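*Asks:* Pasting a structure here, questions to come.
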Amino acid sequence: MHIPDGFIDAPTSAAAGAVAVGGVAICLKKAADQLDEKRVALAGLTAAFIFAVQMLNFPVASGTSGHLLGGVLAAVLVGPYIGALCVTVVLSVQCLLFADGGLSALGLNVVNMALVTAFGGYVIFLLLRKLLPRTVGGVVASSGIASALGVVLASLVFTIEYAIGGTGGASIATVGGAMVGVHVLIGIGEGVITGLTVSAVLASRPDLVHGARDLYERAPGGSPALVGDAA
Amino acid sequence: MGGGHLGHAGTDGLLIPGSTVVHRAPAQLKIAALLVFVLAVVATPREAVWAFAVYAVVIVGVALVAAVPVLTLLRRLRIEVPFLGFALFLPLLGSSPRVQVLGVSLSQPGLWAAWNIVAKGTLGVSASIILAATTPVAELLQGLERLHLPRALTAIAGFMVRYLDVIVGEANRMSIARQSRGYDPRWLWQARALASSAGTLFVRSFERGERVHLAMASRGYAGSMPELHRRVATANERVAAAAVPLLAVSVCVAAHLVP
């Protein structure tokens, strides 16, 4: 899903770039009071974690594999604003250093993989949290389902971008069908891994899961503030 | 689909050390030049085949000046293979009119679309490869800062890049540990071990972040890294760095006027 240069035409790429800049600016503003010099180091390590996790190729079905996008995972672990910033940084570094995703398409990639997954997915996560019981299992199920839907949502947004400014000759139905179809499969994998990852973190350091703060606010002895007590 | 490109090479493993003009140019100029260049390439009408030939000559020229071996450039171009696969399908699936090429009926719009993706994608990837091959990561980050990117972003990127090798090393060790216990996943329901590894990796990364922050705070860190060697671009460097994007923009404009 890393869109290269020339895949989507220049006006659409520029418009997506403007949307990405606006979205990232809002994230920076919202995260500013949390992003003191302490949190910046932790956000950087979270970004490095997302980068490493994107290298985990998981089996989808015999032979084929997909890799995590990590947007919803980041949002559940560190909150949607810092999560979106982390994924944005990952995408920018991948683009500048590894030529993965075109520089002119960076706006498109940030919109699809950082903003849509972190915010769209997080909204779904919050809705599911309201519907499901307030337990650890509820958090795990919500994060799994939300991240699966987040991936499909991202592929839908890609299809819209392709419909507006796609340079390919193939019809929108063909591209959209293929994209969404593949990403339903990837989404299932993403959902399973995200849910299991969140449950693994909840098992050892529940205070590190932003999306489950309400469960641990009155945990005996432990403060919900994450930093400093474990070092 | 991305991913998997960091396997063996660390972030600075991409650098090809040298002291050419391209290596010495300040990073902020190189990044700005790259951005203008790819924007010009993307905005060029695909029918202007000559313009893409000029861009390719420019890229090869810069690669020669920067002493980036052509073989290395070609090897790193593999990153775009998945999209080339997509491009190959377009002539088969595209709409009419269709043309006969070597006895196969291909769609003319599909052929143009495939050409468009292959040409622009390859030029963009090559330009980025040259930037990464001639610029150390630390300079790249400083360059972004000097281009007035928000400090929170460059700081996150700085920590990420510095600790990437450590975390990727951690992930690789965990993967070796899994494999040596006979882990060979074929199906999705075998992914549980991977997920608990990811959970462990997050906790370890986060705790490392806490320790790193304490260590830095105790050494006087108050939110920004000291700039060790400040590089202000000289007038000559600005002119030299402006040459490539200026050329690209004029080719792009010319391609719109004379298709």
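*Asks:* Fewest Cβ neighbours within 10 Å first, please rank B:Thr154, A:Thr117 accordingly.
*Replies:* Values: B:Thr154 23, A:Thr117 30.
Listed from fewest to most nearby Cβ atoms, that is B:Thr154, A:Thr117.
*Asks:* Which residue fluctuates most in the GNM of chain B (Cα springs below 10 Å): B:Ala113, B:Ala25, B:Ala51?
*Replies:* Per the Cα network of chain B with a 10 Å cutoff, B:Ala113 tops the list.
*Asks:* Moving on to the next point. May I ask for the angle, rounded to the nearest 10°, between helix A:136-165 and the longest principal axis of chain A, with both axes built from Cα atoms and the value confined to 0 to 90°?
*Replies:* Tilt of helix A:136-165: around 20 degrees.
*Asks:* Taking beta carbons within 10 Å but only from partner chains, what does the mean come to for residues A:89-96?
*Replies:* Values: counts 10, 5, 1, 5, 10, 5, 3, 12.
Partner-chain Cβ atoms within 10 Å, mean over residues of A:89-96: 6.
*Asks:* Principal axes first, then extents: for the Cα atoms of the stretch A:10-216, list largest minus smallest coordinate on each axis, whole Å, largest first.
*Replies:* 52, 41, 30
*Asks:* For peptide A:191-203, compute the average count of partner chain beta-carbon atoms within 10 Å of each residue's beta-carbon.
*Replies:* Shielding by partners across A:191-203 averages 5.
*Asks:* Taking θ as phi - 60°, what are the ³J(HN,Hα) couplings along the stretch B:126-141 by the Karplus curve (6.51, -1.76, 1.60), each to the nearest whole Hz, with x for Gly and Pro?
*Replies:* 4, 5, 5, 4, 5, 4, 5, 7, 10, 10, x, 4, 4, 5, 4, 5
*Asks:* If you take the Cα Rg of the protein assembly as shown and divide it by 2.2 N^0.38 Å, with N the number of residues, what do you get?
*Replies:* Details: Rg = 22.8 Å, N = 490, 2.2 N^0.38 = 23.2 Å.
Taking N as the residue count of the protein assembly as shown, the ratio is 0.98.
*Asks:* Can you grab the distance from the C-alpha centre of the stretch A:13-31 to the C-alpha centre of the stretch A:99-134, Å, no decimals?
*Replies:* Here the answer is 13 Å between Cα centres.
*Asks:* Another question, then. Just B:Leu141, B:Leu88, B:Leu14 to compare: in a GNM of chain B, with alpha carbon springs under 10 Å, which one fluctuates most?
*Replies:* B:Leu88
*Asks:* Another question, then. Size of chain B along its principal axes in angstrom, Cα-based, largest extent first?
*Replies:* 65, 58, 31
*Asks:* Would you list which lysines come within 21 Å of A:Lys38, measuring only between C-alpha atoms, while excluding same-chain residues fewer than 8 positions from it?
*Replies:* Qualifying lysines at Cα under 21 Å: A:Lys29, A:Lys30.
*Asks:* Another question, then. Could you put B:Trp50, B:Trp112 in order, starting from the residue whose Cβ has the fewest other Cβ atoms within 10 Å? Write out the running numbers ahead of the final one.
*Replies:* Numbers: B:Trp50 13, B:Trp112 18.
Least to most surrounded, the residues fall as B:Trp50, B:Trp112.
*Asks:* Now for a different question. Determine, for A:Cys86, A:Cys27, A:Cys95, the number of other Cβ atoms within 10 Å of each Cβ, and report the residues in order from fewest to most. Before the final figure, lay out the partial values.
*Replies:* Values: A:Cys86 32, A:Cys27 27, A:Cys95 24.
Neighbour counts put them in this order, fewest first: A:Cys95, A:Cys27, A:Cys86.
*Asks:* How compact and how long is the stretch A:64-104, expressed as Rg and Dmax of its alpha-carbon atoms in Å?
*Replies:* 11.6, 33
*Asks:* Then there's this: Where the centroid of each part is defined by its Cα atoms, how far is the stretch B:194-215 from the stretch A:179-211 in Å?
*Replies:* If you average the Cα positions of each part, the centres end up 17 Å apart.
*Asks:* Could I ask something else about it? Starting at the first residue of the stretch B:39-47, write each ³J(HN,Hα) from the Karplus equation 6.51 cos²θ - 1.76 cosθ + 1.60 with θ = phi - 60°, in whole Hz, x for Gly and Pro.
*Replies:* With the stated coefficients, the stretch B:39-47 comes to 4, 4, 4, 5, 7, 7, x, 5, 6 Hz.
*Asks:* Quote the Stokes-Einstein diffusion coefficient, in whole µm² s⁻¹, for the stretch A:97-175, based on the Kirkwood radius over alpha carbon pairs, a temperature of 4 °C and a viscosity of 1.567 mPa s. Before the final figure, lay out the partial values.
*Replies:* Working: Rh = 14.2 Å.
So the translational diffusion coefficient is about 92 µm²/s.
*Asks:* Just tell me how shielded B:98-108 is by partners: mean number of partner chain Cβ atoms within 10 Å of each residue's Cβ, no decimals.
*Replies:* Numbers: counts 0, 0, 0, 0, 0, 0, 0, 0, 0, 2, 1.
Averaged over the peptide's residues, the number is 0.
*Asks:* Restricting attention to the alpha-carbon atoms of the stretch B:150-218, what are Rg (one decimal) and Dmax (integer), both in Å?
*Replies:* Calculated on Cα positions, Rg and Dmax stand at 15.3, 48 Å.
*Asks:* Can you tell which of A:Leu91, A:Leu115, A:Leu132 shows the greatest fluctuation in a Gaussian network model of chain A with Cα springs below 10 Å?
*Replies:* Most flexible of the set in this elastic network: A:Leu132.
*Asks:* Mind jotting down the three principal axis lengths of the stretch B:81-194 based on Cα atoms? Whole angstrom, largest first.
*Replies:* For the stretch B:81-194, the Cα spread along each principal axis is 54, 49, 23 Å.
*Asks:* Report, to the nearest 10°, how far helix A:80-98 tilts away from the longest principal axis of the Cα atoms in chain A, using its own Cα long axis and a range of 0 to 90°.
*Replies:* 50 degrees
*Asks:* In debye, nearest 20: dipole of the stretch A:10-216 around its Cα centre with unit charges on the Cβ of K, R (+) and D, E (-)? The partial results should precede the final answer.
*Replies:* Details: 9 positive and 8 negative charges, 83 e Å.
Approximately 400 debye in magnitude.
*Asks:* Right, here's the next one. Reachable lysines from B:Lys120, Cα under 22 Å, same-chain residues fewer than 8 places away excluded?
*Replies:* Candidates past the 8-residue exclusion: B:Lys30.
No value in this document is a laboratory result; all are computed from the given coordinates. None of the values given here were measured: they were computed from a predicted structure. When we count neighbours, we look across all protein chains shown, and the Cβ atoms used for this are built from the backbone with ideal geometry, even at glycine.
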